[in-house]
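To start, the structure itself, in structure tokens.
Every read-out reported here was derived from the displayed coordinates using simple, explicitly stated rules and does not represent laboratory data. As the structure is a prediction and not an experimental result, all values here were calculated from the model. Reconstructed Cβ throughout: ideal geometry from the backbone, glycine too, with neighbour counts over all protein chains shown.
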Amino acid sequence: MGNPTGGGARRPVSVLLAMLALAAAMALAACGSSDDSGSGDEGGGIGGDSAEQGGSGTIKLGLLSTLEGPFAPFGEAANQGAKVALLEHGGKLEGTGPRDGISGVKVGGKTIELVVESSDATPDVAVDATRRLVEQSKVDAVVGPLSGDEGIAIKNYAKQHTDVTFVNGSSGAQNTTLRDPAPNFFRFSTDGAQWMAGLGKYASEELGYKTVATVGEDYSFPYDQVGGFMTEFCGAGGKVPRKIWVPLGTKDYASFIAQIPKDVDAVYVALGGTDALNFTKQFDEFTGRKLPLLGGSITVDGAIIKGLGDRVEGTVSAGPVAVLDTPEYKEYAGALKKHFPESGPPGLFDLSYYVNMKSLLQGLDKAGGNVSGDDAKLREALSSLSWTTPIGPVKLDENRQAIANNYLFKVTNGESRLLDTVENVNQTLGVDREKYVSQPSFDRKNPSCS
Amino acid sequence: MTTRLGNRRTLGLVVLVAFLIAFPFFASSFWVVSIGIKTLWLGIAALSLIFLAGTVGMVSLAQTAIYGSAGYVVAHLTVMQGWNGWLAVPVALAVAVTLAIFVALISARSSGIYFLMLTLAVAVFLYFFALQYRPFTQGFSGINGVHAPDLFGLSLRDPTTFWFLALAVALAAYLAVRGVIASPFGLTLKGVRDSAPRMAALGYNVTAHRVVAFAFAGLVAACGGVLAVWYNGQIAPGSIDLTRTIDVLVIAVIGGLYRLEGAWVGALAVTLLTNFANDYTARFNTVIGLIFIGILLLSPGGIAGIWENAAGRIRGGRSGRPQPPVIEGAGR
């Protein structure tokens, strides 16, 4: 009885029938055509049909973020940001939950229909969710994803579906747009290396550091952050004798701290949240010296300032999001608070999704809601778009990557305050493009200037 | 009676085969790719677990790691070394089977929860290996841009072609596992499952049987892994993490641990749920969890078991509630 083949002739009949019942359910729901796939030559995976566009009076927009797994809170903020952009175009919330839709948005004379999908921050699931948006819901454009490695996977998917326009969410992997970009992927937010603009130069010229050791978590985002920092710092004559990579979620840093040379002027820390707190405490106990710190874009937050107090006073960091005294920022912050009273202050995720969604809507407006064929009009409109976001002006380069402001911060009186603005940071951080692209991608080893 | 049942069985089989062949021609590409093909490769992975659990009594959590290793080898050789895709496949299968043998040599002497923990350790170890051994796996970001090679001049990027390849592999895996179970070797495995000490007393080398069975299951899982990496177009540590490991176990249990066909029934059910449950609720993981618990409580034979139970009652036959499979090695 309890074995896979036993049981004679009866079981196979029943199981076949069970499978057929499921298959029939599949067939009933699967009513669509099987046109030739619109797959290109590049990217990975399998092709598939995408939108049959034009004609009708609605434009379908897909919104992809991360509503499951450890990044779920960021995904909720991201969707709020994207919805603020839709609300500014006359939308009405159908509910305050992250998956609730929005109605009544009109762009170029057409009605926008929003389809919300989510991943758990792994590339596999992000591609599956995008497939659902593009091949099942037949959206005309996708806004997303949230994290860096998802972004690389979606870019590869975008190459196969050239009739759909993809606009980034908040993912910041450099190679989504720097190397081998997709012609239909647009990013109106800056990447992880751009987020470091200004810090290396400041450390070398203003703070006078000659040698800095770096500590970062061992995955792509900190690689880009360290790479961005070193591009400037080494360019200004600084040396980085040692780059240290720790696994995500490390609790005991002793063996890593032992590798940090004694004679460095400062330690650059690209760790998130409590990791940075633990590292700094252990570093001070271990070495007995309070070396100055430099912070990555997600290193210096309220928790670490509260946890370390005076120890981080004067610490300089850099990032793309700052509290600005501009009408655009105030308007956005007000709208976010009004529509989503539960939300925190404007942050990286909601602002990135806001800026990208708003850019797409403006592009659609300029193109008169025309998304037929290869979206040529929309893409032209997006490529030439330039506007002032709540975090400063943005425009695109030839790879459809944002050129935007970056901000330097310094912890002063227990608060991370705006120190300086680096204007119009491009993706190559001011280095000649050919030279920048020809160097190896940022990783554990590269760049190097020991 | 027997003839009638035989006729119905043939009819059911013909309808199923006709449906599977016609499927890519009338369904949209989303259904062919995201539901159909995904069901096929997930089912193959679950098949290897159902074989191990149902026939040999080894509930392995290492199947994801093994199919992931095959996927990683294909991705590494084709993308990073520029190999031809078809050349990479036998290497990938060989690596996965070698890994399976290695895992089995470590764990085959244990049973029950100890075996479960050892295979879980392998799954976690491979996840961290993928995360940290960058020269081979490219770390956290994984290997992107994996192409399925052409087959007799037909592009496997085309959903219809890929569907038939996946279908053929699934069918071959199914028949192979059936064949092994029906063979004298399979009978011995069942003997090992039911009473290892008795088989040992009869002069069988229990550990060797378990190792061979595990290696065979590894080969089946590896076939699913190769399809999976072509399907996804990339592989990253996230493709083989604990969530994915548990997914395969859930699929096997939902489908029914005591029927090989249950692998695809479970895979289809889970694929449909993950794709469509979130149209109705934000808590679709909870929905899957509740269904899982419901099936464990009501029908240990999975979805296939529910059907048989109902059909058995209607016919008034003796095949009432199906019994759960014996999954722990009885005694030591």
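Which loop GluC sites (Glu not before Pro) in segment A:368-450, with loop taken from DSSP, have no more than 12 other Cβ atoms within 10 angstrom of their Cβ?
Taking segment A:368-450 and a limit of 12 other Cβ atoms within 10 Å, the loop GluC sites (Glu not before Pro) found are A:398.
I want to check the label-to-label distance for residue B:128 and residue B:178. Put each point 7 Å from Cα in the C-beta direction and report it in nm to one decimal.
4.3
Taking square-rooted eigenvalues a ≥ b ≥ c of the alpha carbon gyration tensor, is segment A:244-291 rounded, prolate or oblate, where a/c under 1.5 means rounded and, failing that, a/b exceeding b/c means prolate?
Prolate, since a/c reaches 1.5 and a/b exceeds b/c.
Quick one: which residues, 5+ away or cross-chain, put their amide H under 5 Å from the amide H of residue A:142? H built at 1.01 Å from N.
Here A:62, A:165, A:166, A:167 satisfy the definition.
Which peptide among B:46-52, A:382-388, A:189-195 comes first, and what is the full order, when sorted by highest mean count of other Cβ atoms within 10 Å?
Descending mean neighbour count gives B:46-52, A:189-195, A:382-388.
Report, as an integer, the average count of C-beta atoms from other chains found within 10 Å of each Cβ along A:65-74.
Per residue, the average neighbour count from other chains is 1.
Which whole-number percentage describes the relative contact order of segment B:31-241, with Cα contacts under 8 Å and a sequence gap of 6 or more?
Result for segment B:31-241 is 43 percent.
Can you work out ³J(HN,Hα) from phi for every residue in segment A:221-234, in order, using Karplus 6.51 cos²θ - 1.76 cosθ + 1.60 and θ = phi - 60°, giving whole Hz and x for Gly and Pro?
Using θ = phi - 60°, the values come out as 4, x, 4, 5, 5, 5, x, x, 5, 5, 4, 7, 5, 5 Hz.
Specify the angular offset, from 0 to 90 degrees and rounded to the nearest 10, of the alpha carbon long axis of helix A:148-160 from the longest principal axis of the alpha carbons in chain A.
The answer is roughly 40 degrees.
If the convex hull of the alpha-carbon atoms of segment B:192-243 is projected onto planes in all directions, what is the mean projected area in square nanometres?
For segment B:192-243, the mean projected area of the Cα convex hull comes to 5.0 nm².
Sorting check: for A:282-291, A:330-339, which peptide has the highest mean count of neighbouring beta carbons within 10 Å, and how do the rest follow?
A:330-339, A:282-291
What angle do you read, to the nearest 10 degrees and between 0 and 90, between the alpha-carbon axis of helix A:273-287 and the longest principal axis of chain A?
Between the helix axis and the principal axis of chain A, the angle is about 30 degrees.
Can you show me the helix-derived [θ] at 222 nm for chain B, built from DSSP H runs with n ≥ 4 at -39,500 (n - 2.57) apiece and divided by the number of residues, rounded to the nearest 500.
-22500 deg cm²/dmol
Tell me the mean residue ellipticity at 222 nm calculated for chain A from its helices only (DSSP H runs of n ≥ 4, each -39500 (n - 2.57), averaged over every residue, nearest 500).
Value at 222 nm, helices only, nearest 500: -10500 deg cm²/dmol.
Along the charge dipole of segment A:359-420, pointing to its positive end and built from +1/-1 on Cβ of Lys, Arg, Asp and Glu, which listed residue (A:388, A:408, A:372) has its Cα farthest out?
A:408
Which ³J(HN,Hα) values in Hz, rounded to whole numbers, follow from the phi angles of segment A:109-122 under the Karplus curve 6.51 cos²θ - 1.76 cosθ + 1.60, where θ = phi - 60° and Gly and Pro get x?
After applying 6.51 cos²θ - 1.76 cosθ + 1.60, I find x, 10, 8, 8, 10, 9, 10, 9, 10, 9, 10, 10, 6, 8 Hz.
Averaged over peptide B:17-30, how many Cβ atoms belonging to another chain are found within 10 Å of each residue's Cβ?
If you average over the peptide's residues, the count of other-chain Cβ atoms is 5.
Given the peptides A:354-364, B:254-264, arrange them by the average over their residues of other C-beta atoms within 10 Å, most packed first.
Result, highest mean first: B:254-264, A:354-364.
Considering the Cα positions of segment A:277-358, please state its Rg to one decimal place and its Dmax as a whole number of Å.
My reading of the Cα-based Rg and Dmax gives 16.5, 50 Å.
Averaged over its residues, how many other protein chain Cβ atoms are within 10 Å of peptide B:204-217's Cβ atoms?
Per-residue shielding by partner chains comes out at 0.
Is there a pair in A:290/A:395; A:83/A:377; A:110/A:338 whose C-alpha atoms are over 30 Å apart, and which pairs would that be?
Too far apart for the 30 Å limit: A:290/A:395.
Hey, got a sec? Which trypsin sites (Lys or Arg not before Pro) in segment A:143-192 land in a DSSP loop and have at most 12 other Cβ atoms within 10 Å?
Hits after loop and neighbour filter: A:179.
Which trypsin sites (Lys or Arg not before Pro) in segment A:363-450 pass both tests, a DSSP loop state and at most 11 other beta-carbon atoms within 10 Å?
Answer in residue order: A:445.
Output the Kirkwood hydrodynamic radius of segment A:334-450, Cα pairs only, in Å rounded to one decimal.
17.3
Net charge near residue B:240, counting Lys/Arg +1 and Asp/Glu -1 over other residues with Cβ under 15 Å of its Cβ?
-4
Placing unit charges on C-beta atoms (Lys and Arg positive, Asp and Glu negative, everything else neutral), compute the dipole magnitude of the protein assembly as shown about its Cα centre in debye, rounded to 20.
That gives a dipole near 2940 debye.
So for the protein assembly as shown, what percent of the C-alpha to C-alpha distances run longer than 53 Å?
The proportion of pairs with Cα distances above 53 Å equals 16 percent.
Enumerate the amide H contacts of residue A:403 below 5 Å, restricted to partners 5 or more residues apart or on another chain; note that Pro and chain-start residues carry no placed amide H.
Distant-sequence amide H within range of residue A:403: A:395, A:396, A:397.
Using Stokes-Einstein with the Kirkwood hydrodynamic radius over Cα pairs, what translational diffusion coefficient do you get for segment B:47-156 at 10 °C and a viscosity of 1.306 mPa s, in µm²/s rounded to a whole number?
Using the Kirkwood radius from Cα pairs, D works out to 105 µm²/s.
From the backbone phi of segment A:200-217, what are the Karplus-calculated ³J(HN,Hα) couplings (6.51 cos²θ - 1.76 cosθ + 1.60, θ = phi - 60°) in whole Hz, Gly and Pro given as x?
Residue by residue, segment A:200-217 yields x, 5, 5, 4, 7, 8, 8, 8, x, 6, 9, 10, 9, 9, 10, 10, x, 6 Hz.
If we count every other residue with Cβ under 9 angstrom of residue B:139's Cβ, Lys/Arg +1 and Asp/Glu -1, where does the sum land?
0
Averaging over every viewing direction, what projected area does the convex hull of the Cα atoms of chain A cover, in nm²?
Computing the convex hull of the Cα atoms and averaging its projections yields 26.2 nm².
Can you tell me the Rg and Dmax of segment B:31-241, counting just the alpha carbons, in angstroms?
Rg, Dmax (Cα atoms, Å): 17.4, 55.
Could you tally the net charge around residue A:238, taking each other residue with its Cβ under 15 Å from the Cβ of residue A:238, Lys/Arg +1 and Asp/Glu -1?
0
Rounded to the nearest 10 degrees, what's the angle between the helix A:10-29 long axis and the longest principal axis of chain A, both from Cα atoms, 0 to 90?
Orientation of helix A:10-29: about 80 degrees from the principal axis.
Work out the P(r) tail for segment A:57-177: percent of alpha carbon pairs separated by more than 17 Å, whole number.
52
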